[in-house]
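Engineer: Below you'll find the structure I mean.
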Amino acid sequence: MPLLPLALPDAEVLLDPHFLPPDTADALLIELTRTIAWRQEPIRLFGKEVLQPRLTAWHGDATAHYQYSGLALAPQPWTPALLELRKQVEAATATQFNSVLLNLYRAGQDSMGWHADDEPELGPAPVIASVSLGETRRFRLKPRDPQRTPHAPVALDLASGSLLVMRGATQQHWLHAVPKTARPVGPRLNLTFRAVLPR
Ligand SMILES: O=C(O)CCC(=O)C(=O)O
Ligand SMILES: [Fe+2]
């Protein structure tokens with residue numbers, strides 16, 4: 001299925017809800033849940049050390065160092081499953097990626113707060129390619145400055161096997177989040193492929 005653009009001002013967001021066949025998505029979810037060395041990283045939130053409300057892992061080329069929410073992350077090496085998925089994502093997006101951030105939302109209380117992927121090492125207009133596996137969770141987007149970008153917040157339900165691409169000025173003008181949900185939900189695994197610039 002093709003990537004279809006969403007009509008949003010000051011952004012380039014594209015979605016393919018059926019990027020991976022359901023069987024492939026299911027198998028990948030099981031394999032990655034089992035084999036990735038998941039960690040719950042501490043972050044500083046309003047001056048306090050807390051644990052991130054999700055599990056994470058960072059894989060990529062040895063040169064792809066990355067700062068994330070104040071964490072300096074050295075990448076773990078690519079695994080065969082991650083390399084295969086990268087190949088498919090690169091073909092679909094005509095973009096090359098040297099790293100991937102994995103997030104495991106164990107249940108509804110796991111989340112990601114409002115942010116933009118605007119770290120300097122991603123460059124001014126990064127392409128972020130996001131594959132979701134497992135439980136459908138709501139992904140929200142809202143303008144950073146509603147004066148400049150007059151648009152209501154957007155909610156996308158990212159189902160298993162979907163591919164979401166954010167590129168162009170999206171990170172400059174929009175924020176995104178995966179809020180907690182009170183619904184009883186199973187695990188969701190998300191992979192965001194990124195191109196980290198050399199230091
Ligand atoms: O889980 C998601 O869909 C979003 C992940 C995300 O925004 C990130 O890794 O920066
Ligand atoms: Fe993000």
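Quick note: the coordinates plus some simple rules give every number you see, no bench work behind them. These numbers come from a predicted model, not from an experiment. A quick note on method: Cβ atoms are made from the backbone with ideal geometry, for glycine too, and the neighbour counts reach across all protein chains shown.
Engineer: What are the residues whose amide H is under 5 Å from the amide H of GLN52, where those residues sit 5 or more places off or on another chain and H is modelled from the backbone?
Structural biologist: Residues meeting the amide H criterion: GLU41, ILE43.
Engineer: Please say if region 100-158 is rounded, prolate or oblate, where rounded means a/c under 1.5 for a ≥ b ≥ c the square roots of the C-alpha gyration tensor eigenvalues, and otherwise the choice is prolate for a/b larger than b/c and oblate otherwise?
Structural biologist: Oblate, because a/c is 1.5 or more while a/b does not exceed b/c.
Engineer: Related question: Which whole-Hz ³J(HN,Hα) couplings does region 100-110 yield from phi under the Karplus relation 6.51 cos²θ - 1.76 cosθ + 1.60, θ = phi - 60°, glycine and proline marked x?
Structural biologist: 8, 9, 10, 10, 10, 8, 5, 7, x, 7, 7
Engineer: Determine ³J(HN,Hα), in whole Hz, for all residues of region 47-56 in sequence, where each value follows from phi through the Karplus function 6.51 cos²θ - 1.76 cosθ + 1.60 and θ = phi - 60°; x replaces Gly and Pro.
Structural biologist: x, 10, 7, 9, 8, 4, x, 4, 9, 9
Engineer: Any idea what the dipole of region 4-194 comes to, in debye rounded to 20, about its Cα centre with Lys/Arg Cβ at +1 and Asp/Glu Cβ at -1?
Structural biologist: 580
Engineer: Right, another one. Need the C-alpha centroid separation for region 144-165 versus region 5-83, integer Å.
Structural biologist: If you average the Cα positions of each part, the centres end up 18 Å apart.
Engineer: For GLN76, enumerate residues with amide H under 5 Å from its amide H, sequence gap 5+ or separate chain, H modeled in the peptide plane.
Structural biologist: Those qualifying (amide H under 5 Å, at least 5 residues apart or on another chain) are TRP58, HIS59, GLY60.
Engineer: Report the calculated FRET efficiency for THR181 and THR63 (r = Cβ-Cβ distance, R0 = 30 Å), to the nearest 0.05.
Structural biologist: 0.20
Engineer: Okay, next question. What percent does the relative contact order of the chain come to when contacts are Cα pairs within less than 8 Å and at least six residues apart?
Structural biologist: 30
Engineer: Among rounded, prolate and oblate, which fits region 4-194 when a ≥ b ≥ c are the square roots of the eigenvalues of its C-alpha gyration tensor, a/c under 1.5 means rounded, and a/b larger than b/c means prolate?
Structural biologist: It comes out rounded by the Cα gyration axes.
Engineer: Out of residues 5 or more away from PHE139 or on other chains, whose amide H comes under 5 Å of its own, with H placed 1.01 Å from N in the peptide plane?
Structural biologist: Here the answer is LEU156, ASP157, LEU158, since their amide H atoms fall under 5 Å of that of PHE139.
Engineer: Arranged from highest to lowest average of other beta-carbon atoms within 10 Å per residue, in what order do the peptides 185-191, 119-125, 1-7, 130-136 appear?
Structural biologist: Ranked by mean Cβ neighbours within 10 Å, highest first: 130-136, 185-191, 119-125, 1-7.
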